[in-house]
Every structure is written in C-alpha cells, then in structure tokens.
Ligand code: ADP
Ligand code: MG
C-alpha cells in the first residue's frame, strides 16, 4: 500500500499558521506596532488604507535591522528576543514567538525598509507570500518601515470573511489604543485614508488617556497605586459617577500586555459594587506588574489571555487597590478641592527625582495656645515682643468667654469660627437640602444622603460587631414560614452585630427583644421581613456581599424619606455626616446624591 502522509510545503503550512496569528488587519497592526516598541522606538506612525485591507504601514525610529536580519525576520520562529526555552519565563518584550512577520508575509505583500545607526545606508526587501521578490539598498533615516499591502491577497476565503470597513477600522483603533495606552512615553500617530485620527504626544498615562478619550477625562480619573512584593498595580479608574451604561473603557494589562480576564474584572466590579448602578460599568486603565515567572502568556496565540500562578492573590490586591483609590478620593475634602496630588507626582518624576516630592512634615504642638500667658513671647524680645504683648491684652477676655474650655486644644474651636457667617440650610420640597459651598450651591437629596451615611455606619458595625441596641419594652413576636425562619436564623449573627436582639421562641417564631437604635421608631417586624426579602432576591450574589446587602436594606429602610420636614440642625448634620463618608457621591444603590451648581458657570 502506498504511504499517504506528506509534509505540506512551507508556503501552505505558513498560510495555515498565519490564520491563527493574523485574523484581520488589526492583528497585523498590533504585531507591527509591538515590534516597533520592542525595537526601542520613541515615535511610531501608523497609517492604514481601507481599514488596513489595502495597506498597513508602520514607521518607527527604533534600532533597525542588519541586512541579514531583514531577510531572516520573515522566517518562522526567527526572533531576536529569546534563544532558549527558559527565556520563555522571563519575557519582557511584547513579541517572542518569531511568528508574526512570517505569518504576515505568508498572506500579504510586505515591503520592509530598515537601517541601523551603524550602517551608512538601509536595505529594502519585498516579500510576497513568503518569497523574497526584491532586495535593494535604500537611503533612509535610522529605523524601520513595514508596509503590508493587500492582506489575504492569496487567501480569498479569508479576505471575504472580513467585516465592513467600519468594523475592521474599529478593531484597528482598538489595537492602536491598547498598544498606545501602555506606552505613553512614546509618540504615536494614526492616519486612516490620509486623515489623521490620533496624534499622541509623549507624556504620562493620564495625558495618554486624555489624548485617546478626550480632555474631559481629566476630572474623571482616580489614580490607583499599589505596590506589594509580589504584585504592583498602577493606573487609573474612572470615578463611580462617570460609569457608563455600555462596557466602555475597560483596559487591563499585565506587564503592559493587554489582557482580558473576567475573574479580575470581577474584582473591580466588586470594589465598585455599591457605588454604581447595576446597569452601568466601571471604567479602568490598569497595569498589573508581576514577575514574568509568575505568569504564563503562552497559552493563546493572540495572547489576550494570561494564566497567573496565584490569581487569588492578584484578585485580592486588585480589589483592595481599587477600594483604596475610591476611599482616598472620597476622604479628601472633595468639594472645591482641586485634586492635583498625582500631577505633583508626575512632575517630580519628570524632573528625574526617584522619589515623589514629600509633603514637608511640620511638627505641630497640639497644646500650643497663643492666648496662654506662658506661651506668649517673652517681654525680653524687645520692641517686637512689646508689640505682641500689647495686642494680647484685649484678648484676655477670651479666657473668660470660654471659661473652663480654655484647656482644650485650640483646634477644637474650629478655624476662627467667629469671623465666618454660619452656613445656611434650606429645605426645598421637603426633599432636598440646599446650602452653600465655596464655588456655589450644593443641592443634596436628603434620603439618598442619609442612606449613604447609614449604609457606611452599618457596614462598620457589621465589621466591628458594635451596633447599638435599643431594648423593646414590649417584645414583638415575629412568625415566619419555615423557609424564612431558617434564613433569619442564618443571618442572626449579623443582625445582632447591627443591634437586633433576637430570640428564637419556637422553630418559626422569633422574639424581637431589641432593635438597632436608629430603628427605634419603626416597625421592627416589617424591617426584618424587608431584609429577608432583599436577601432572597440577591442570594445568588457572592457570600461576600451579604453584609453589603444587609447594610443596604437597613440604610434604605431607615433613612429619612423624601417629603419629610427637617430642622436646620438635622440638615446640617446630614450634610456633615455625608461628607465624612468614604463615598459621598453616590447612594448605595448607585444614585447620585448631590449636585454642585457652580456660580461662576452662570454669573460672570
Ligand atoms: P517576534 O517579535 O516574536 O520576535 P516577529 O516575527 O514579530 O517575531 O519579528 C521577528 C524579528 O524581526 C524580531 O525578533 C526582531 O528581531 C525583528 N524585527 C521585527 N520588526 C522590527 C522592527 N520594527 N525593528 C527592528 N527589528 C524588528
Ligand atoms: Mg513581533
């Protein structure tokens, strides 16, 4: 019998393999741009025609190639980036398989022009369908230009398989975005059919995000910076209130390589959980730096999947980093506060300082009291001392005015409150609190604000087990069906942390002996039933979220309702407590709590 197994000719094998690496013009764009970065380019210009179908050109000012390398680079598994199997575990470059150019050349007409700085003149090579068609000398600047024409010219089936020009162009822009985001120190341009779409100047990540997505991103971003010995996470998240209804800007990178990772994505969604509405998506631009030995990028030909050695650890650190970023933003006095801490950082980095500028540490004496006799400058200071001593005399009254409070540290009296007119609070529609801030008017939804305050309070109580309880004079009996009774039993430890005092009288009846102190005026039985209902609806969520759900239900049930008259003191207390919260902008269900009407925008 005849042997029937044959080796495929190289050209066919290359074409088949090419299909894996180059699926569409955008794949070639990605490979060419990454090669330019690996070559150390500081300026990379991409131009496409017909969304890359007729032509893709990438011009770089990188290290260039020798004449031999320029021929070699089209061979399969030809790479300058690794030489032995172990190198696979220390990959720092974008490419490493030596497959991309071989694949592109198998299915397109490729012209490369390249010159190293040590060479007088460059070389030009034309390769069509893996065959070198032409090689000549080419006068040119140092660097490399790849022009890929008529992609899939020899594989009509694939060419027909391409989507509309608009769809293919979207893929091109997406790859361009991914590559440029993680290389903000490199300048890039993207030109499509002669029209320049992007002109990105070298800068930092924030500037790059603005260059790609618009200058209005300036105020929307929160820096994330977390360094641990195993994992570092750097980048930006989009503030909760700018979360989008469509899956918008979600960019994860591992060691600057774009990845898709649903599990890690969940870590971020979870960190935003009670801050953005259910139908919105958080935005982020985050780079996770790990030791290359801790990941395996070699599991998928297009390399957007990564296996982490310890993905749970990365999840935990990522979750904590995002929570911290949100928390820090909300802790800093956000109203009228110009957030420029991260810009200072970039500035000191740009100045070549290895450490960001530190805020000078000025030692403060908390007991210092300028009105106390003993701390007043000594008379012996001469004229100056005399002057100050004189001015202290009338202020002696101050001591009488405040009597025994004199011994409190000065800051307890607040910053010169006497000279500041008290803030006014106005209630509109018995639902909104209106007051003034530096730049204008602050309008707060009273129910949402109070819900946020209570939510954070209950979360803390659930953590610290220290909810205050109010004894019921006449304990109420709550009878439930068997199912609800077992749920309530399951939740008892948490409910007790919040201040409920429950006692199971028989399998389906519970005595409510005490309620959380905020819930004194409300029907405890109805509240518990509401809690059970919400718990049942959200039970499919992770166990992790049980406390969140509980705090959320309690908060929305007990928060002051709309259409409730508030005294000025109550209004002030809600506003003050709101801005002491970790997150003041959004209610636990994701609704916006307040708006600031900036007077300068209207009256000039
Ligand atoms: P890989 O990037 O995986 O090494 P490629 O097929 O993409 O494989 O490239 C093959 C080799 O060609 C690279 O290892 C590099 O040495 C060289 N090369 C490709 N593009 C450039 C470029 N723009 N500048 C300099 N060298 C390049
Ligand atoms: Mg490559």
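Please treat every number below as a calculation from the coordinates, not as lab data. Quick caveat: nothing in here was measured; it's all calculated off a predicted structure. Neighbour counts are summed over all protein chains in view; Cβ atoms, including those assigned to glycine, are modelled from backbone coordinates with ideal geometry.
General observations
- Residue separation of residue 218 and residue 603 scaled by 0.36 nm, minus their Cα-Cα distance, works out to 136.2 nm of gained length.
- Inter-probe distance in nm under a simple model that places probes 7 Å from Cα toward Cβ, at residue 13 and residue 434: 7.9 nm
- In this simple spin-label model, placing a label point 7 Å from the Cα along the Cα-to-Cβ direction at both residue 166 and residue 463 gives a separation of 4.8 nm.
- Pairwise FRET efficiency - residue 580 versus residue 533, Cβ, R0 = 35 Å, nearest 0.05: 0.70
- Sorting the segments 592-601, 442-451, 216-225 by their mean number of nearby beta carbons within 10 angstrom, highest to lowest, gives 442-451, 216-225, 592-601.
- Among 576-583, 22-29, the peptide with the highest mean count of other Cβ atoms within 10 Å heads the list, and the full ranking is 22-29, 576-583.
- Förster radius 30 Å - calculated FRET efficiency between residue 43 and residue 137 (Cβ-Cβ, nearest 0.05): 0.80
- Straightening the chain between residue 562 and residue 476 buys 28.2 nm, computed as 0.36 nm per residue apart minus the Cα-Cα spacing.
- Segments 279-290, 503-514 sorted - mean Cβ within 10 Å per residue, highest first: 279-290, 503-514
- Subtracting the Cα-Cα distance of residue 266 and residue 305 from 0.36 nm times their residue separation leaves 12.5 nm of extension gain.
- Rounded FRET efficiency, nearest 0.05, which uses the C-beta distance separating residue 78 from residue 443 and R0 of 60 Å: 0.40
- Modelled label positions at residue 197 and residue 508, each set 7 Å beyond Cα in the direction of Cβ, lie 6.5 nm from each other.
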